[in-house]
């Protein structure tokens with residue numbers, strides 16, 4: 001469920017007037033619902049019941065410290081893909097023992113940082129990576145727990161740029177070759193080969209593909225155990241989609257986890273999942289103010305102060321985000337393109353969209369913007385990055401200040417006199 005609702009003709013989040021937030025925090029800005037984030041996290045936790053499990057929130061979806069702290073306090077683990085994300089998790093009070101380090105291109109420096117922090121697991125994606133972690137762990141006299149990320153060659157029904165489970169993709173090791181890789185990895189004395197990992201893509205709306213991948217992974221686990229490998233953990237990855245279009249139905253978290261749980265009941269396996277979008281996606285909106293109305297060649301444009309620099313998903317993935325006026329005016333509807341001020345034709349938030357007629361000064365909410373929004377923001381066209389706001393217990397606070405022009409040049413060589 002989305003946390004936005006209409007009250008007295010005004011759009012609210014968890015009962016807080018979004019127009020009031022825009023008036024004080026300014027626009028553009030991201031606003032997140034703490035209640036929705038916790039509700040989604042707990043849906044995963046409750047669905048697992050007494051099955052041993054760890055929910056590792058995918059930090060790449062939204063790495064704001066306030067959100068990470070909220071999840072850490074709720075008992076979440078974390079899925080990271082960089083040293084910077086590890087830094088964020090530790091700053092937010094996350095338990096390093098509940099961190100799994102994924103990603104196809106870990107550097108030696110990042111592995112060192114993770115070993116020093118005591119992360120729970122490395123999801124390894126190649127044999128050279130296994131060798132690197134082994135050598136760095138040996139220098140510390142440590143033992144690193146690892147899982148091999150396998151590529152099950154399963155097609156996820158999602159955008160090509162966020163599908164990761166086919167052999168043509170850069171991720172993981174061909175599941176057909178995985179047993180041989182595990183056998184060769186036995187020579188690494190500083191690795192504990194305790195897990196198998198898999199992730200086939202993001203924003204998957206039909207969980208059938210996720211179940212097919214899970215079945216292939218569990219078949220591999222059975223074969224590895226038969227060869228004497230002490231596989232304890234199975235990481236099923238993330239990827240569950242959310243409702244972007246009003247007519248879509250998001251997969252139910254409880255049903256998905258229930259299906260996974262039924263596959264490992266009666267075993268001693270510890271299940272891990274890495275949800276990101278399905279925890280924070282529906283929890284956020286991007287607020288924008290209308291700057292101008294423009295008609296060119298019979299096309300109607302609504303020009304707003306938010307841009308592809310703030311929300312790149314429409315330009316990058318041709319993604320759909322519902323756009324709603326913050327105040328119901330009773331005006332008629334028009335078919336419009338909602339566009340930003342960046343000097344790119346690709347700078348749009350919505351195209352060919354039926355929208356209640358809005359005027360300069362009116363406010364809009366770009367919905368389902370809690371995942372892959374601010375984390376993909378840039379300063380292109382020298383636009384400072386926007387503020388982030390958290391709504392919690394009927395109140396709101398800024399959890400990331402709006403950047404200034406001075407922030408744009410921080411770290412650059414000053415002009416010599």
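Say whether the condition of being outside the structural domain of residue 196 (by TED's automatic domain parsing), in contact (Cβ under 8 Å) with a residue 60 or more places away in the chain and not in a helix (DSSP H, G or I) is met by at least one residue in the stretch 78-96. Checked the stretch 78-96: at least one residue is outside the structural domain of residue 196 (by TED's automatic domain parsing), in contact (Cβ under 8 Å) with a residue 60 or more places away in the chain and not in a helix (DSSP H, G or I). Tell me whether the stretch 217-240 contains one or more residues that are assigned to a loop (DSSP other than H, G, I, E, B), closer than 23 Å to residue 367 by Cβ, touching a strand residue (DSSP E or B) at 6+ places or on another chain (Cβ under 8 Å) and in contact (Cβ under 8 Å) with a residue 12 or more places away in the chain. Yes, some residue in the stretch 217-240 is assigned to a loop (DSSP other than H, G, I, E, B), closer than 23 Å to residue 367 by Cβ, touching a strand residue (DSSP E or B) at 6+ places or on another chain (Cβ under 8 Å) and in contact (Cβ under 8 Å) with a residue 12 or more places away in the chain.
Residue check, residue 105 against (1) over 18 Å from the mean Cα position of the chain (by Cα); (2) surrounded by fewer than 23 Cβ atoms within 10 Å (Cβ to Cβ); (3) over 27 Å from residue 209 (Cα atoms), all met but one. Which one? Among (1) over 18 Å from the mean Cα position of the chain (by Cα); (2) surrounded by fewer than 23 Cβ atoms within 10 Å (Cβ to Cβ); (3) over 27 Å from residue 209 (Cα atoms), residue 105 violates only (3). Checking each residue in the stretch 372-396 for being in contact with a helix residue (DSSP H, G or I) (Cβ under 8 Å, 6 or more places away or on another chain) and not in a loop (DSSP other than H, G, I, E, B) picks out 375, 376, 382, 387, 388, 389, 390, 391, 392, 396. Only one of the listed residues (282, 271) is at pLDDT 95 or above and under 16 Å from the mean Cα position of the chain (by Cα). That residue is 282. Before we move on, is residue 61 buried (at least 18 other Cβ atoms within 10 Å of the Cβ) and out of contact with any helix residue (DSSP H, G or I) (no Cβ under 7 Å at 6 or more places or on another chain)? So residue 61 does not fit the description; no.
For (1) in contact with a helix residue (DSSP H, G or I) (Cβ under 8 Å, 6 or more places away or on another chain); (2) under 21 Å from residue 48 (Cβ atoms); (3) crowded, with 21+ Cβ neighbours inside 10 Å, each residue gets a yes or a no:
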position	(1), (2), (3)
177	no, no, no
191	yes, no, yes
194	no, yes, no
203	yes, no, yes
235	no, yes, yes
238	yes, yes, yes
249	no, no, no
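Going through (1) modelled with pLDDT of 95 or more; (2) surrounded by fewer than 13 Cβ atoms within 10 Å (Cβ to Cβ); (3) not in a helix (DSSP H, G or I) one by one, residue 184 falls short only on (3).
The values are calculated or read from the model by the stated rules, or taken from the named source; none is laboratory data. Only a predicted model underlies this, so the values are computations on that prediction, with no experimental measurement involved. Because the Cβ atoms are built from the backbone with ideal geometry, glycine has one as well, and the counts that use them run over all protein chains shown.
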